[in-house]
Amino acid sequence: MAPQQNTGAGAEAELPEYAGHYRLEARLGSGGMGVVHRARSASGMTLAVKVVHAEFARDPEFRGRFRQEISAARRVSGAFTAPVVDADPEAERPWMATLFIPGPTLADEVKRNGPMPTAQLRRLMAGLAEALRDIHRVGVVHRDLKPSNVLLAEDGPKVIDFGISRPKDSELRTETGKLIGTPPFMAPEQFRRPRAVGPAADIFALGSVMVHAATGRGPFDSDSPYVVAYQVVHDEPDLTGVPENLAALVERCLAKEPEDRPTPDELMRELRSVAASYDTQTFIPAQRTGETHGPEPRPAEPDGPRRGERAAELEKPRRGWRPGRGAVIGAGALGLAALAALASVQLVGDGGASPRSSAAPATSAGFGPWTTRPAGTEGGLPRCSFGGGRLLCAQRGLVAALDPVDGHVLWRHALGDGGSPSEPPVFSGGLAHVVTDSGRRLLALDPATGATRWKLDLSAYRGFAHARGTVLLTGTDGTATGVDSTTGEVKWHKRLPGSANSGFASFPDSPWAYRTGTSADGTSTRVTRVDPASGEVRRDDRLAGALRPVGVSDGGVVFLADGGSYGETSAVVRYDPESGATRRVPLGVPVDQAQATVRGDRVWLLGTGGSLVAVDMTAKKRLWSLETGVSQGSAPVDDGHRVYVTAPDGRLLAVSAAGGRLLGQTPPRLGPRADQVASSLPVPVLADGHAYATAPRRHRLRRRRA
């Protein structure tokens, strides 16, 4: 289908010449919020630019929702969406630019060519499950997944249009009595309790989308949206025409209750059993005719891990494990527990008895457990780090410094744009660096007073990292810039080896930064060692496989090796930047969606589903594995003796680093929205012999006696 040119009457039909620095060339389509144009950057890159309707540009509430759309799109920017390149929600006509991805929407494809064949249906369902996994992982619920919001690109489906999606920590809320979504693809809870919509609603929509792709109609069909709403809530779906080997899985997606629906990871595992193998041909819709529509936006997250001490969800013990002097906290509150207290937890006996604890002596002099709420009100989970002798915590609209001894708030710094940092502050160059999602700003704060020392607009950059007193910025054109962490002055700016998609990773135990990028076919990864102070390249190698850096070990860089298209880690790889040699340790059993940390020659991995794995890089073997039962945990951390993991239900688990035995765990502490999946969990901060963490349950400031 050819792109729609400037058609129609009135001001909306007049094509603006530019949106920001991007020249608008043709109108691709129009929706309820704005018009999408094909555009071109100064370097010649083809983009899709969404420009809001003039009438909405004058509405402050709409501008707030458009800022939310930009934030949501940036959070989920990745392989399964159209990455956000640039945006200006404050322009006279707010706009957002994403990469242009050729391909028809699923709605157009089915309309032109009819139902999809079974092989393509399997690939479509797997691709959408992968997309929702990544979207939900960063705490976003799409809420309007439908055929017109699925773009069929050659490398797989892309989910577009986050106009009514909502990050879990968003301050914007659904209005009472107002339904948001498209009735044939809305879940029952979207009609019954729209304020409580969680990730499971997107799974229901996926099931409806699959029925449409397989039959050309929905599972609930009527000309009246009111009848459709009744059918969605009360009737069984019509799956006539859905291939038999997919019908049962689609039916599970369309379960009336959210808890009865599969998760994206469960969908992917089930789909692997549907067929022994998947089609490996390029994802090109059958009998495509004419030109194709371009996509709408989605955001680009910074490339590569940004390291630093972080905070995680911890909980107040009630029964079971009692960590002696340990403290816990609740929703949006910060809690603290003495690590020595964990040592008092008794090991699980051979008989499988539940973990118990004995009394533990006081640890640090003058220290007692405490809880506090940095913002004083509900503001999302604080994400914390340790630097300058204090806890540095960021949450929606606020950055705060806490006294680690008693939890006293030393200062608060309000984020004027209501920004919601997705990472904890980074202590670099003697300052606390905070990046906000909504404003895409980097603030450098004085850790003693909270005063702003300097700030930087990150909207022109695609990624960033901190390394040895330098902020490393990756431009959308692939160039790199080094900024002094203390002064904010540019140290250097140059083009480095690697593709435009390469990004920096750095780690506290290494003086170097590593720029990595995986080849388009996923068969190799380019690794460039860079001096962060000067930008000088010290080594440039190409390693086999799709690799993700997670830490350093004895001067070498540790990577997780991708085991396939389902986000599995099949091996751990250590790369020696001095010699260029690699050491590969196969895991035997792949770990799904692994998060990892490195300490010495040990690598700890936690996968979706709760599999905790220990790998010894010197001995080149997997030491042990433990099924923790944590469906989605934080990245593991260790103190040399124990490995700690937090769970979305508020538990903190302690595991023996030597033997992989569960030493103890706190009871669950669910938050007020227990039916919703938490976004990525912050990691426990280990500092000065104590653990600092957050949990989803609300509490007032509290300090417990031993």
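Leaving out ligands, DNA and RNA, and with a 1.4 Å probe, what % of the accessible surface on region 384-478 is carbon or sulfur? Can you show the working numbers first?
Numbers: 1450 of 2930 Å².
Whole-percent figure for carbon plus sulfur exposure: 50.
What is the dipole size for region 54-158, taken about its Cα centre, with +1 at each Lys and Arg Cβ and -1 at each Asp and Glu Cβ, in debye to the nearest 20? Please list the in-between numbers first.
Working: 16 positive and 15 negative charges, 84 e Å.
The dipole magnitude comes to about 400 debye.
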Handout entry: Cleavage-rule hits, GluC sites (Glu not before Pro), region 61-134, DSSP coil, Cβ neighbours within 10 Å at most 11
Key = E90, E92
Problem - Net +/- balance of residues flanking G609 in space, Cβ distance below 13 Å, scoring K and R +1, D and E -1 - result: -3
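Considering only Cα-Cα distances, which of the following residue pairs are longer than 31 Å: K146/K494; K50/K455; K491/K620? If you can, show how the numbers build up before the last one.
On the way: K146/K494 43 Å; K50/K455 28 Å; K491/K620 40 Å.
In this structure, K146/K494; K491/K620 exceed 31 Å between Cα atoms.
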Exercise for the section: Report, in whole Å, the centroid distance computed from the Cα atoms of region 19-50 and region 193-260. Expected result: 34 Å
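Find the accessible area per residue for region 58-97; the probe is 1.4 Å, ligands and nucleic acids are left out, and the unit is Å².
Numbers: 1460 Å² over 40 residues.
Accessible surface, normalised per residue, equals 37 Å².
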Exercise for the section: Specify whether the C-alpha gyration tensor of region 207-274 places it in the rounded, prolate or oblate class, a ≥ b ≥ c being the square roots of the eigenvalues: rounded for a/c under 1.5, otherwise prolate if a/b is larger than b/c and oblate if not. Expected result: oblate
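For a quick check of your reading of the filter: which GluC sites (Glu not before Pro) in region 515-616 sit in a DSSP loop and have no more than 12 other Cβ atoms within 10 Å? Provide the component values of the computation, followed by the final result.
Numbers: sites: E536, E568, E578; in loops: E536, E578.
Qualifying residues, ordered by number: E536, E578.
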Handout entry: Tensor-based shape of region 409-482 (alpha-carbon gyration tensor, a/c under 1.5 rounded, otherwise prolate or oblate)
Key = oblate
Handout entry: Distance from region 463-480 to region 96-124 (C-alpha centre basis), Å
Key = 35 Å
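Can you classify region 111-150 as rounded, prolate or oblate using the Cα gyration tensor, where a ≥ b ≥ c are the square roots of its eigenvalues, rounded means a/c under 1.5, and otherwise it's prolate if a/b beats b/c and oblate if not?
Details: a/c = 4.89, a/b = 1.75, b/c = 2.79.
Taking the square roots of the gyration eigenvalues as a ≥ b ≥ c, region 111-150 is oblate.
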Practice task
Give the ranking of R75, R65 by solvent-accessible surface, highest area first, calculated with a 1.4 Å probe.
Solution key: R65, R75
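Tell me the per residue accessible area of region 486-629 using a 1.4 Å probe; a whole number in Å² is fine. Write down the numbers at each step before the final one.
Working: 6070 Å² over 144 residues.
For region 486-629, the per-residue accessible area is 42 Å².
The values are calculated or read from the model by the stated rules, or taken from the named source; none is laboratory data. Owing to the predicted nature of the structure, the values given are computational and were not obtained by experimental measurement. Every residue, glycine as well, gets a Cβ built from its backbone with ideal geometry; the counts of neighbours run over all protein chains shown. With ligands, DNA and RNA removed, areas are computed over all heavy atoms of the protein, side chains included. Shrake-Rupley method; radii C 1.70, N 1.55, O 1.52, S 1.80 Å.
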